[in-house]
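Engineer: Quick one: the structure is below, and I'll ask about it shortly.
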Amino acid sequence: MESYLFPFDSLICMLLGISFTVLFTLLLVFIIVPAIFGVSFGIRRLYMKSLIKLFEWATLRMERGAKEKNQHLYKPYSNGIIAKEPVSLEQEIQDMRRGGAEPEFDMSDIFYFCRRGVESIVDDEVTKRFTAEELESWNLLTRSNYNFHHISTRLTALWGVGVLIRYGFLLPLRVTLAFTGVGLLVVLTSIVGLFPNGRMKNYLSDKVHLMCYRICVRALTAIITYHDSENKPKNGGICVANHTSPIDVIILASDGCYAMVGQVHGGLMGVIQRAMVKACPHIWFERSEVKDRHLVAKRLSDHIADKSKLPILIFPEGTCINNTSVMMFKKGSFEIGCRVYPVAIKYDPRFGDAFWNSSKFGMVNYLLRMMSSWAIVCSVWYLPPMSRMEGEDAVQFANRVKAAIARKGGLADLLWDGGLKRGKVKEVFKEEQQKLYSKVLVGSSEDCSRS
């Protein structure tokens, strides 16, 4: 009996060995080597174009199926509120009173605040920025449409084939590439860290970081289009960008080297941080140091003063937004007084939602969702460098940079603090409305701007 099993076992082992050899060769030739030299064979872009045609066909089938069954096909809807030109609080109350706004309380004033409250609930500008962006068409992912199986049997079969491709082929391949990229990053940066400080060490560090980040980009099947590369950040400056996901770092670092800023972590992340800082002067803060603004500003200023060090990469929003808008920038990065390099990042949600809803998904769960999506497609725009103008404070400078990023990326420019994602509205906003109304009661002739 054993004489029959032995050849069969040997055959299985031989086939497995050949499979692993072929797989490693394909990874080396089509992914790792191109990542080292920063070239692409165009396979991912061809894959993207094929997906677009597939999504268009699937959407057309859904619309036809919905009409045949008289079903309502879900699409993003409007809340019915018509945007109006902003007017002063005093003017609105005057219109509601249908006469002059006398400097005294009127019962009809209550309806103004009731209406504003209802409008805020129905058309909440803040909360909807922390949920996944709605799609007009289905991208064959269950997470973007839960009613697909009610439309068409053929469409359901296509979805099933997609599940097999995404989880049976793409996910294992991407996980392998992710471990390869992170493993090489830890090992090679540790080796580069043994070199004495100088040009050779900086050169090797840049090459290692670029290679490893490009492998990680391929682990997400990320298709990135970079625009206006002549404006790429340079040493002695700060690069600021809108923040959608932790992979924003990989997206930017695969096209240029940056000094990262962040809190010291434990576990695997801590191992990666300690290895990276050996090869390149990244800025890591202890938990107790993060809230010390003066210490943080000094560390950043000292880094920028050394023109041999890489530009610092910072996301001033301080939290992830769903890539439909840019929210308030924290002023700390703009108080240092150096040149700022704005960068706008815009993801295409048709292929996969890059937004990280940290209150709903943990990091591992989020990364698995990314790696089981079709692809991550985005555009990156490097804007001309900006400096603080004479008489301009840090808040005004931050708002000017934010507005430039929003315009370039086609995003809504909001004044709200992203911290409202987990916190309550600050008392100062409530007091501002109270002050505006008090001016109406005391008969102020000045126009009160709506917040």
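Engineer: Restricting attention to region 328-362, which residues are within 21 Å of Pro246 (Cβ to Cβ) and of a type in the set (Phe, Trp, Tyr)?
Structural biologist: Residues satisfying the conditions are Phe329, Tyr341, Tyr347, Phe351, Phe355, Trp356, Phe361.
Engineer: While we're looking at this one, here's another question. With respect to Arg369, determine if the residue is in a loop (DSSP other than H, G, I, E, B), in contact with a Gly (Cβ under 9 Å, 6 or more places away or on another chain) and surrounded by fewer than 21 Cβ atoms within 10 Å (Cβ to Cβ). Lay out the reasoning, then the answer.
Structural biologist: Values: in a loop (DSSP other than H, G, I, E, B): no; in contact with a Gly (Cβ under 9 Å, 6 or more places away or on another chain): yes; surrounded by fewer than 21 Cβ atoms within 10 Å (Cβ to Cβ): yes.
For Arg369, the condition - in a loop (DSSP other than H, G, I, E, B), in contact with a Gly (Cβ under 9 Å, 6 or more places away or on another chain) and surrounded by fewer than 21 Cβ atoms within 10 Å (Cβ to Cβ) - is not met.
Engineer: Now, a different point. Which ones in region 151-161 are surrounded by 12 or more Cβ atoms within 10 Å (Cβ to Cβ), in contact (Cβ under 8 Å) with a residue 60 or more places away in the chain and assigned to a helix (DSSP H, G or I)?
Structural biologist: Leu155, Leu158
Engineer: Anything in region 292-345 that is open to solvent by 10 Å² or more (accessible area, probe 1.4 Å), touching a Cys at 6+ places or on another chain (Cβ under 6 Å) and not aliphatic (A, V, I, L, M)? List them, or say none.
Structural biologist: Tyr341
Engineer: Please go through (1) surrounded by fewer than 19 Cβ atoms within 10 Å (Cβ to Cβ); (2) at pLDDT 90 or above; (3) within 30 Å of Gly160 (Cβ to Cβ) for Ser379 and return the number of the only condition it doesn't satisfy.
Structural biologist: (3)
Engineer: Here is a further query. Scan (1) over 27 Å from Ile191 (Cβ atoms); (2) in contact with a strand residue (DSSP E or B) (Cβ under 7 Å, 6 or more places away or on another chain); (3) modelled with pLDDT under 90; (4) of a type in the set (A, V, I, L, M, F, W, C) for the single condition Ile345 breaks and write down its number.
Structural biologist: (3) is the only condition that Ile345 fails.
Engineer: Hey, does region 14-36 have a residue that's at pLDDT 75 or above, more than 28 Å from Gly181 (Cβ to Cβ) and under 26 Å from the mean Cα position of the chain (by Cα)?
Structural biologist: No, that holds for no residue.
Yes/no matrix, rows are residues, columns are (1) aromatic (Phe, Trp, Tyr); (2) modelled with pLDDT under 85; (3) part of a strand (DSSP E or B); (4) open to solvent by less than 10 Å² (accessible area, probe 1.4 Å):
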position	(1), (2), (3), (4)
Glu230	no, no, no, no
Pro233	no, no, no, no
Cys239	no, no, yes, yes
Thr244	no, no, no, yes
Leu252	no, no, no, yes
Cys257	no, no, no, no
Met260	no, no, yes, no
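Engineer: Next question. For region 174-228: of the residues being among the basic types (Lys, Arg) and buried (at least 21 other Cβ atoms within 10 Å of the Cβ), which is farthest from Gly42 (Cα to Cα)? Can you show your working first?
Structural biologist: Residues of region 174-228 among the basic types (Lys, Arg): 174, 199, 201, 207, 214, 218.
Next, from what is left, pick out any that are buried (at least 21 other Cβ atoms within 10 Å of the Cβ): 174, 214, 218.
Working: Arg174: 18, Arg214: 15, Arg218: 12 Å.
Once the filter is applied, the top-ranked residue is Arg174.
Engineer: Residue check: is Arg166 open to solvent by less than 80 Å² (accessible area, probe 1.4 Å) and of a type outside the set (Val, Ile, Thr)? Quick ask: steps written out before the conclusion?
Structural biologist: Working: open to solvent by less than 80 Å² (accessible area, probe 1.4 Å): yes; of a type outside the set (Val, Ile, Thr): yes.
Yes: the conditions hold for Arg166.
Table: residues versus (1) closer than 30 Å to Leu170 by Cβ; (2) assigned to a loop (DSSP other than H, G, I, E, B); (3) touching a Ser or Thr at 6+ places or on another chain (Cβ under 7 Å).
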| position | (1), (2), (3) |
| --- | --- |
| Val271 | yes, no, no |
| Ala275 | yes, no, yes |
| Lys278 | no, no, yes |
| Pro342 | no, no, no |
| Asp353 | yes, yes, no |
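The values are calculated or read from the model by the stated rules, or taken from the named source; none is laboratory data. Here the structure is a predicted model, which means the values were calculated and not measured. A quick note on method: Cβ atoms are made from the backbone with ideal geometry, for glycine too, and the neighbour counts reach across all protein chains shown. To get the accessible areas, we keep the full protein, side chains included, count just its heavy atoms, and leave off ligands, DNA and RNA. Shrake-Rupley method; radii C 1.70, N 1.55, O 1.52, S 1.80 Å.
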